[in-house]
Each structure stands twice: as structure tokens, then as C-alpha cells.
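The values are calculated or read from the model by the stated rules, or taken from the named source; none is laboratory data. Note that the coordinates shown come from a computational prediction; the quantities given were computed from them, not determined experimentally. Cβ: placed from backbone, ideal geometry, glycine included. Neighbour counts: every protein chain shown.
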Amino acid sequence: MERKLIVTSSPHIRSNEATDKTMRDVVIALIPATLAGMYYFGFQTLIVVLLSVAAAMATEAIIQNMRKQPITVMDYSAALTGLLLALNMPPEIPYWMPVVGSIFAIAIVKQAFGGLGHNFINPALAARVFLIASWPVEMTTWKFPVDAVTEATPLALIKGSGVLPESVSIFNLFIGKVGGCIGEVSALALIIGGIYLVYRGVISPRIPLVYMGTVAVFTLIYSGFNFNFMMFHLLAGGLVLGAIFMATDYVSSPMTAKGQIIYAVGCGLITVMIRLFGGYPEGVSFSILFMNVVTPLIDKYVKSNVFGGVKK
Amino acid sequence: MNLLSFRGGIHPPHSKSMTEHLPVEKALEPETVVIPLQQHIGAPCQAIVEVGEKVKVGQKIGEAGGFVSAPVHSSVSGTVKKIEKRMIINGTGTCVVIESDGLNEIHESVVPKGDVETLEPKEILDIINEAGIVGMGGAGFPTRVKLSPPPDKKIDVLIVNGAECEPYLTADHRLMLETPEDVVYGLRAVMKVLGLEKAYIAIENNKMDAVLSVKEAAKEYPGIQVVTVKTKYPQGGEKQLIYACSQREVPSGALPMDAGAVVSNVATMSAISKAIRTGMPLIERICTVTGDGIVEPKNIMIKNGTRISEIVAQAGGYKGDPGKLILGGPMMGFAQFTDNLPSTKTTSGVLVFTEEQARLPEYNPCIRCGKCVDICPSFVQPFAISAYSLNGMFDMAEKYNAMDCIECGSCSFICPSKRPLLHSIRMAKREIISKRRKTK
Ligand code: SF4
Ligand code: SF4
């Protein structure tokens, strides 16, 4: 028996946590939002989602095959990128766009930097911004769910006039009866998914709460304590989706508690700046991308005190 | 209940059910014992017996080789056959090989030494020293050294570690259940040595029966407080226990005594009690033989120097082909490539995994999930130290406080990408220490 004993350094046991389980949990958490999108916008959203996911997974498999790396498409990470990208698209998008976006996300943003764990920005967000920059018209043509006319999103409405549109109630915003991207319309569905992620220990509520809290505080102050204005900004657009599912992306967000708070406040501030003073009605993608880029700096300068280090 | 604890830590499966209800059995008499002259941190002992010499149980056979050292004694009566280098845990070392005559004659020096009430602190310290008592929970630090802090270090917190937070191990648990008086008696002796009126015995809340039994044994001593700590790994870490009991942080790079604290194991207390009451030095201990690769897991009282293969045989032997043999627990124990090794004062467990369990999973890239940061009880950033270490950037690893890592293994355990975190951090620590030596 002697020669067969395995000798390794401790610890000799490992938890049954695994990256694919984590990613799978995020995919599961996105199901309510996906279903809500299909409910409000109809069948073609399903095609957008399927195309986007399939393109992401195929791209990953092809690249890994070309590089003779182990094929890891079944680890849910590519599927998740595809799904997130789809949820960030208008429902009436031409079908080739999710495909192009997913290829860009996986091939350029993820694999060109070394694959899982090495992309410094969120691939789905980067792809979204790439699509907005390249095909702005297609990416900002919205379908309004109730009467199916093409119309501006609530955020675009408020942008033009500065007053709250009467056609959109806070309640409708909450459940998702508004125009917008496939996955961002129903705050309710997104929050259900977020609670699931926190419950499963996949994310801590720190980033979403601080991010949305920052937006809440600043819009409240800006509007002279107009509660409706604040709620409007919280629920409209991609804030909830971004705060729960994009800003919390492990790879591109800070790892320490303190770092995460700084990062989330940064996301919130930039979102408010863009929305209130910038040229775009929506600032979530840009702000998260920007903070993604800052993350290495935050991680570098914000370290937790070691046990027995400088006392508070 | 408001349980005492620390920040960070993990919850590995306990895996204690195989042995926690099994009373300690006495081991069969070994025919030969192989007693290493180094069973502790510090300088090895010098042999004071010769080949051919007759020895008795409790006779000193190795004299302490320096200030940080502890003598060793024979665990059998018989004849010294050889004094030679043998394989011991993690390397080789000089061992005294004694063939037992099976009579178990007790050496003349083994007589009761008195009573805690009447002995002077200095006398107790001498008894502890002569009995070769070392910390029986971990690395085997000589207890006398721990109890003789330099005069400028005022000790005011004394904690007995009964947490037994390592999965699988139940030796301390059984000890606290079966002979709690010994733990309390030994603790009273240590309190006297340190001149303390108060002390804690800390036990995890998954061993409530042990909490009750030790409380019962300690009820006449109001200064001894039995505290229930949260079941969480590494609750038994010195710094973690000190924090849980006193909210004190041991300063980075310093020792518990720098925070005014001393932590010692329950088994050590029991050994001190025996040394005072019967005069018997530390020659045996309880060891948990367990794991899915063992036919009949047990808690056994084993004599120092018993071969691991014999210990395994007494637990029914191996079940199928063993995959991994670990001395100690699964989190901090040492994997061995042979069972032809002698047990020592610190052999708290013999854990055998099946081939299936022995294989560690392949690792994947870090996904920066931050789990290792969240759970690190030293509040360092394992992923960062590990990454620097793997890239040979040991200066950066040092800047990221590699030296504060207590090697508990929690980060490697929790990592969803199964990265060898502790492994690479150890590598960095070794490099940093050797660099510090060179520059000194
Ligand atoms: S870095 Fe060290 S102290 Fe922290 S969890 Fe890993 S092994 Fe434990
Ligand atoms: S736990 Fe593993 S995957 Fe997560 S941050 Fe640490 S090293 Fe990376």
C-alpha cells in the first residue's frame, strides 16, 4: 500500500462550492426577469435570449478549441454573459445584434484577456456599450408593452421635460409595465432574483444596496425631496438590473467590504451624474464599466486591516 | 444564546459522528516503541540511555536539548535496542527503540508530587518541565516555556482550548467527557503558576455534553469559567480563541503573551494533572483513529512511540486501499506517505481517506469571488498573496501580510475554483523567512 498514499499539504478537504454552481445560481436568479420580459414584450424576446446565449457559448467553445484549452462552456459563465447581454437589449432588436454582441463579449472582452477570471470589465456590459456606440438607433428603439407603440422609455421622457411623465405610475414601474430593455423592466422580478442570490450566498447585498442607496440619496436631494422623483430613478431604466446583476460581477468588482462600498458609491454617483446632467438618458452601464476600470486601483489601496493590525 | 466567536471562519462538515460516542479504549501493549527525541518545537533531546540498557515506564530517556525543548520518557518497560535515525512525522530524527518486556514496571521516579494547594508555583513549573509536557493540540510547544513569560509580559488571560474545531477529531471531546476533573485540576495548577484567579475553558457548542461535564467538574472553582464558543473553524486557533474570550487582538507578528494571554489545550491540562497527582510524565495520549478508510473508527489511548500501522490495526485496519493517511485533522494535519512512523505527544488523530476522498480537485482560474477574503480569520487577502507567490513576487506577498496567515487552510477549503491558496501562501512565507534570515 505504501506507494499509493497521496501526500499533499493541508487542508485535505474542500468545500463543495464550485464556480459552475455559482454561475448557475446567477442564471437561475435571472429567470424571473427573463420571464417578465417575455410576458411584457412577447415571444420574440425568447429568440433574442436564445440567440445571445447560444452565440456566447459557441464563441467560447470555438476559441477554447482553437487554443487547445479545456472546453468549459458548460460552466455557465458564457451562458450567463449571453443572458445578461440579451436582457440588456431592447425587445425589438434585429436578431443579428445579440449574436454580434455575444461574440464581441466572449471573444474580445473575455477570451482575449485570458478567459474566465481575467476580464477586467464585465463582458456583457462592455458588449452592450459597444453595440450602443455602433448601432445607436437599433439599441434605443423601444417598444412600449401595453399598447405596443414605439415610444421613448420613462427615463428618456423625464430627460426631455424634467417633469415626471403622467403615463407612468410608480407601481407600473415596479412591476414592469413600461418600456425598456428586456430584462430591466420589472424591478420586482429582479429583486426576487437578487434575494435568491443573497440567500444562496452568491452575492452580499452590499453593492446593490449601497449603489441604489446612493442614487436614492442624490436624486432625493436634487429634486428637493420629491419622493416620486427618487422612486422613478430607482425603478426606471437598468438600475436594479445593473445594481444586482452587473455591478456585483465578481471578476470586475472589488473584493474587500470597504472596497465594495467605495465602488458602489462610485457607481451610484456616476449614474446620477449621467442621468441628470449627461447626454444619455441612462447611465448605469457606463458607470459600472467606469468603476470596473477603477476596481484594480480600489483593490490596491483599500485593504482590510489584518487581525491584530492597526486598531480602529 | 450569545456565543463567543471571532470574525471570519468556515463551517466544514464535522464528520465526528463516527467516534464521538465511543469511550476511549486502551490500546494493546506495543511490543516495540520507537520514541523520537524530538516531539516538540525547539531543540531535539539528547539520549541519556544506552543500547542494551533496561528502562522502565516513565523513565526519562531524553534530556531537553535547550531552553525551548522538553524531555521524553519511556512509555514501556524493557530494553533499549537501538538509538538511530528513523523516519518521523515530516522527516527523520533520532529515535530510541525500546523492546517491551510486557511487564510495565513503573520507574522509581514516578511518585505523586503533592497537591496543587501546597505546591509552590515554581515547584509546579518544575514538575511540568520534568514531565516533558508540551502543547498537545498543535505544534507541541513546550508548556514550561509558555508558562514562563518574560517578566515584562503581564499575563492576565488564561484560556484552555477545548474547542476541538478540526473535523473528525474527538479525542479532546472524549477526554472532557470522561475525565473532566483532570482538566480542571491541571488548570488550577497552571493558574497557580501564572498567579491568576480567573481562567476560561472554551468548548464549541457542538459538544454540549462536554460543556456540562466540565462545568460540573469546575463548579467548586468560581474562578474557572466554562464558556461555550460557536462551532466554527478555526475556533481553536490561539488568536481566535483569545479574541472570542477577551475581545483582545494579538498584535500582528506577535505572540499571545504580547496580548497578555496564554492558551493551552485540554489534553495538556490533563497531562499536567497526571504529572502532579501520580508523577507519571507525558507518555500516552488519546488519539482518534477515524475516516472512511478505517474499518472500525475509535478513540484510543496510545503509548508514545507506538507505530501508526499498529494503531490502525487496532481500529480494524484499512478499509480497502487507503488513499491518504493524515496525522492530525483534515484542515491542518500532515499527510504521510507511510504508516511506518511512530506516534508522538501531538498525535491527536490518525485519519485515513479512501482513494476517492484523497484526490484533490483540479483547480481553475480565480474568479475574484472574494470568498477567501471574507472568511480569512487573519483578515488578509489570500487570493492576492497566492497570486504574488505563484509569480515569485514574494516582496509583494509580504506587503500583503503573508506572515499573518495562521495556515488554517480555510481559504483553500472555501475557494470555489479550488485554488491551492494555503499551499502557495506557505511557499511565500518560507521565502520571506529565509530572506529575513539572510538580511539579519
Ligand atoms: S490566508 Fe492563512 S489565515 Fe487566511 S484563511 Fe488562508 S490559511 Fe487561513
Ligand atoms: S475564493 Fe478562490 S476564486 Fe474566490 S477570490 Fe479567493 S481565490 Fe479567487
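Restricting to the range A:116-133, give me the number of residues that are among the polar types (S, T, N, Q) and in contact with a Phe, Trp or Tyr (Cβ under 7 Å, 6 or more places away or on another chain). Outline the logic, then answer.
Narrowing the range A:116-133 to residues among the polar types (S, T, N, Q): A:119, A:122.
Still in the list and also in contact with a Phe, Trp or Tyr (Cβ under 7 Å, 6 or more places away or on another chain): A:119.
Adding up the residues that qualify gives 1.
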Residue A:237 passes all but one of the listed conditions (1) touching a helix residue (DSSP H, G or I) at 6+ places or on another chain (Cβ under 8 Å); (2) at pLDDT 90 or above; the exception is number (2)
For residue B:366: the one exception among (1) more than 25 Å from residue A:72 (Cβ to Cβ); (2) facing chain A (nearest Cβ under 8 Å); (3) within 16 Å of ligand 1 (Cβ to nearest atom):
(1)
Anything in the range B:386-440 that is within 14 Å of ligand 1 (Cβ to nearest atom), at the interface with chain A (Cβ under 9 Å from one of its Cβ atoms) and among the hydroxyl-bearing types (Ser, Thr, Tyr)? List them, or say none.
B:400, B:410, B:412
Which one of these does residue B:378 not meet: (1) of a type in the set (Gly, Ala, Ser); (2) more than 25 Å from the chain's Cα centre (by Cα); (3) farther than 26 Å from residue A:76 by Cβ; (4) within 11 Å of ligand 1 (Cβ to nearest atom)?
(2)
Of the residues B:338, B:354, which is among the β-branched types (Val, Ile, Thr), more than 20 Å from the chain's Cα centre (by Cα) and facing chain A (nearest Cβ under 8 Å)?
B:338
Quick check on this structure: which one of A:212, A:231 is more than 29 Å from residue A:77 (Cα to Cα) and part of a helix (DSSP H, G or I)?
A:231
Is it fair to say residue B:327 is farther than 22 Å from residue B:387 by Cα, more than 7 Å from chain A (Cβ to nearest Cβ), among the aliphatic types (A, V, I, L, M) and within 15 Å of the chain's Cα centre (by Cα)?
yes
So residue B:265 passes all but one of these: (1) buried (at least 24 other Cβ atoms within 10 Å of the Cβ); (2) in contact with a Lys or Arg (Cβ under 9 Å, 6 or more places away or on another chain); (3) under 27 Å from residue B:64 (Cβ atoms). Which condition number does it fail?
(2)
Mind listing whichever residues of the range B:227-268 are part of a loop (DSSP other than H, G, I, E, B), touching a helix residue (DSSP H, G or I) at 6+ places or on another chain (Cβ under 6 Å) and among the hydroxyl-bearing types (Ser, Thr, Tyr)?
B:252
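Working carefully through the options B:428, B:387, find the one that is within 15 Å of ligand 2 (Cβ to nearest atom), over 23 Å from the mean Cα position of the chain (by Cα) and closer than 25 Å to residue A:252 by Cβ. Outline the logic, then answer.
Values: B:428 fails: closer than 25 Å to residue A:252 by Cβ.
Testing whether each residue is within 15 Å of ligand 2 (Cβ to nearest atom), over 23 Å from the mean Cα position of the chain (by Cα) and closer than 25 Å to residue A:252 by Cβ leaves just B:387.
Restricting attention to the range B:390-440, report how many residues are within 30 Å of residue A:25 (Cβ to Cβ), out of contact with any strand residue (DSSP E or B) (no Cβ under 8 Å at 6 or more places or on another chain), polar (S, T, N, Q) and in a helix (DSSP H, G or I). Spell out the reasoning first.
Taking the range B:390-440 first, the residues within 30 Å of residue A:25 (Cβ to Cβ) are B:390, B:400, B:405, B:408-425.
Still in the list and also out of contact with any strand residue (DSSP E or B) (no Cβ under 8 Å at 6 or more places or on another chain): B:390, B:400, B:405, B:409, B:411-412, B:415-425.
Now drop any that are not polar (S, T, N, Q), which leaves B:412, B:417, B:424.
So of that shortlist, the ones also in a helix (DSSP H, G or I) come out as B:412, B:424.
Count: 2.
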Residue A:282 fails exactly one of the following numbered conditions: (1) buried (at least 19 other Cβ atoms within 10 Å of the Cβ); (2) more than 14 Å from every other protein chain (Cβ to nearest Cβ); (3) assigned to a helix (DSSP H, G or I). What is the number of that condition?
(3)
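For the subset of the range B:227-237 comprising residues that are within 27 Å of residue B:345 (Cα to Cα) and surrounded by fewer than 24 Cβ atoms within 10 Å (Cβ to Cβ), which member is nearest to the other protein chains (Cβ to nearest Cβ)? Before the answer, list the steps.
Quick first cut of the range B:227-237, residues within 27 Å of residue B:345 (Cα to Cα) only: B:227-229, B:231-237.
Among the residues that remain, those that are also surrounded by fewer than 24 Cβ atoms within 10 Å (Cβ to Cβ) are: B:227-228, B:231.
Details: B:227: 20, B:228: 22, B:231: 16 Å.
My answer is B:231.
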Determine whether the range B:141-163 contains at least one residue that is crowded, with 19+ Cβ neighbours inside 10 Å, more than 20 Å from residue B:236 (Cα to Cα) and among the charged types (D, E, K, R).
yes
Considering only the range A:18-59, state which residues are assigned to a helix (DSSP H, G or I), within 14 Å of chain B (Cβ to nearest Cβ) and either without any contact (Cβ under 8 Å) to a residue 60 or more places away in the chain or touching a Pro at 6+ places or on another chain (Cβ under 8 Å) (or both).
A:19, A:20, A:21, A:22, A:23, A:24
